[in-house]
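First the structure, in the form of structure tokens, and then the observations on it.
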Amino acid sequence: MKRTTLLSAFTASVLLAGWPCLAVTLSLSSAHDVSALLMGDTARIDVTLGELGGEDELVVLEASALFDGAILGTPTAVAAGAIVPGSLAQPPDFATFAAPGQADASFVTFHVSPIEHIINTGVFYSFDVTAAQPGVGSVVLDGLTLHAELVDPQNPFLPIIANVTAGGPLDFYVPMYADTDTDKDVDYYDYVAVRDGFGTPAGATWAQGDSDRDGDVDVYDYLALKVNFGWADPPGQGQIPPAQGTVPEPATLSLLALGGLALIRRRPAGP
């Protein structure tokens, strides 16, 4: 998928005398709130072409999106966006590549007809990521692989290398177990949520303390709180328990968990 050029596509400019320096921009976005992407949830990421001259036509556009594959896994459903010409779901001039932490797309056409070129701004390609484990990170566009070539409608046989500018990173957070308010720490407020939600038999939400997302708040959710109590990213940002001791120390949480287990054992058997 990586195209070898004499110049980095991130800083390439037109070297042919008489041609202006042309530029295109690519950016990342998602309709899903990736700042709190819960375990097992899937978000669709769009790579969008945001700048293109009024008469410019792209015959080559290549990009690579990178992220932490341990957190978001291998992307799926990598597909062409609306600006890629062709009526097929996978146009013949469009190719994709996916690996853990990487989603690439390449559009290369040798047709001279404008209807076979990229002539509009919009989504170039999209891909899905699924939260595989808790963590903080960013999706970024790899500047070393960004590449674009344009043609003048009056001279379609002379491609021009364009400068490709990448937008900023798309930050994401897959909340740590027991981070009920998804504020990147497990502290007093999360303890209160789990305490108040404890015993909910069904329909419980993450905000109520259902860390394993099985619909209830039970001893396993208390244990998640016990194990992760005090975790923060960056370290030290969580709320310190009040001096009155209304929040149990981590060692005491195990007693609460055992108490919760006793409650579970007392629950009447279902029909």
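Roughly how compact is the stretch 20-103, stated as its Cα Rg over 2.2 N^0.38 Å to two decimals?
1.25
Quick one: length gained pulling Tyr188 to Asp33 fully straight, 0.36 nm per residue minus the C-alpha distance?
Details: separation 155, 0.36 × 155 = 55.80 nm, distance 2.46 nm.
Between Tyr188 and Asp33, full extension yields an extra 53.3 nm.
Got the relative contact order for the stretch 23-174 handy, in percent, Cα pairs under 8 Å and 6 or more residues apart?
Reported relative contact order: 37 percent.
If you wrap a convex hull around the C-alpha atoms of the stretch 89-185 and split its volume per residue, what is the figure in Å³? List each step's numbers first, then the result.
Details: hull volume 13.5 nm³, N = 97.
In the stretch 89-185, the Cα convex hull volume per residue is 139 Å³.
Full extension from Ala82 to Asp41: what is 0.36 nm times the residue separation minus their Cα-Cα distance, to one decimal in nm?
Working it through step by step, the gained length comes to 12.3 nm.
Quick one: compute a quarter of the convex hull surface over the Cα atoms of the stretch 97-154 and quote it in nm².
Numbers: hull surface 23.0 nm².
If I average the Cα hull's projected area over directions, I get 5.8 nm².
Output the peptides 224-230, 33-39 sorted from most to least packed, where packing is the average of other Cβ atoms within 10 Å over each peptide's residues.
Details: 224-230: 20.7, 33-39: 17.6.
For the peptides 224-230, 33-39, the packing ranking is 224-230, 33-39.
Among residues other than Thr42 whose Cβ falls under 13 Å from its Cβ, what is the net charge (Lys/Arg +1, Asp/Glu -1)?
-2
Report, as a whole number in µm² per second, the diffusion coefficient that Stokes-Einstein gives for the stretch 23-174 at 4 °C and 1.567 mPa s using the Kirkwood radius over alpha carbon pairs.
82 µm²/s
Read-outs throughout are calculated quantities, based only on the coordinates presented, and are distinct from any laboratory measurement. Just so we're clear, the structure is a prediction, and the values are computed from it rather than from any experiment. Here Cβ is always computed from backbone atoms with ideal geometry, including for glycine, and neighbour counts include all displayed protein chains.
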